[in-house]
Amino acid sequence: MSAGNAPVDDAAAMTLWAEYRAARPDRALDPEPPSVEVFGDHPALTDELLGLVLDGTKRATATLVAEFRSEREPLPRVGSHWIACDSAGRPRAILRSTELRIGPFSSVDAAFAYDEGEDDRTLASWIDNHRRYWQRVCPGIGVEWREDLDVMFERFEVAWPPEVADV
């Protein structure tokens, strides 16, 4: 088994956040500092998914509501931000939530699977890959995987840094 991701660099993430707030005070309106996160559960997946974000392919993500609970993180809200780090813990992008929906695993549709940008972007591959991912992750958060678990379906834009930002 491969080693996990490095701890996120919170200080560097808050520096990136301060740069964004100084440049875009009209958009950085979160009352609290954003969460600092990684995609995936191991370095290769983290860097692959972040790469899809940075190249413009990935503009959606799905997270079990139970994952937020296990990390004691609040659910995102439309307009809130989070900072995505690479597997070395370096902050690479500030993401802004643009659309949120909670529903069961089975409620995903082809458009969302496409926007998530992974594998061949089909609904079938989304279902297969996410089922396997959550079957792997659930024991670590003390939850038994079931397809009726609530999923947070999130669409986002890249807000910062300017060289990869959507807006």
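Restricting 147, 154 to residues that are surrounded by fewer than 12 Cβ atoms within 10 Å (Cβ to Cβ), in contact with a strand residue (DSSP E or B) (Cβ under 7 Å, 6 or more places away or on another chain) and of a type in the set (D, E, K, R) narrows the list to 147. Right, residue 54: closer than 13 Å to residue 159 by Cα, in contact with a His (Cβ under 9 Å, 6 or more places away or on another chain) and not small (Gly, Ala, Ser) or not? When the stated conditions are applied, residue 54 does not pass them. Are any residues in segment 70-119 within 17 Å of residue 46 (Cβ to Cβ) and among the β-branched types (Val, Ile, Thr), and if so, which ones? Scanning segment 70-119 gives 83, 94. In the set (1) part of a loop (DSSP other than H, G, I, E, B); (2) farther than 20 Å from residue 97 by Cα; (3) of a type in the set (D, E, K, R), residue 131 fails one condition alone, (1). All of (1) among the charged types (D, E, K, R); (2) out of contact with any Asp or Glu (no Cβ under 8 Å at 6 or more places or on another chain); (3) more than 18 Å from residue 102 (Cα to Cα) hold for residue 69 with one exception: (3). Scanning segment 111-144 for residues that are of a type in the set (S, T, N, Q) and open to solvent by 70 Å² or more (accessible area, probe 1.4 Å) gives a single hit, 135.
The residue that is farthest from the chain's Cα centre (by Cα), among those in segment 124-147 that are of a type in the set (A, V, I, L, M) and under 10 Å from residue 67 (Cα atoms), is 143.
Find the helices (runs of 4 or more DSSP H) located wholly in segment 6-102 whose residues include 3 or more that are open to solvent by 70 Å² or more (accessible area, probe 1.4 Å), and list them.
Values: elements: 10-23, 43-54, 65-70.
Of the helices (runs of 4 or more DSSP H) lying wholly inside segment 6-102, those with at least 3 residues that are open to solvent by 70 Å² or more (accessible area, probe 1.4 Å) span 10-23.
Can you pull out the residues in segment 103-128 that are touching a residue at least 24 places away in the same chain (Cβ under 8 Å), in a helix (DSSP H, G or I) and among the small types (Gly, Ala, Ser)? The answer is 106, 107.
The values are calculated or read from the model by the stated rules, or taken from the named source; none is laboratory data. Source: prediction; values computed, not measured. Don't worry about glycine lacking a Cβ; one is built from the backbone with ideal geometry, like all the others, and counts go over all protein chains shown. Please note that ligands, DNA and RNA were not included when accessible areas were found on the heavy atoms of the full protein model with its side chains. Shrake-Rupley method; radii C 1.70, N 1.55, O 1.52, S 1.80 Å.
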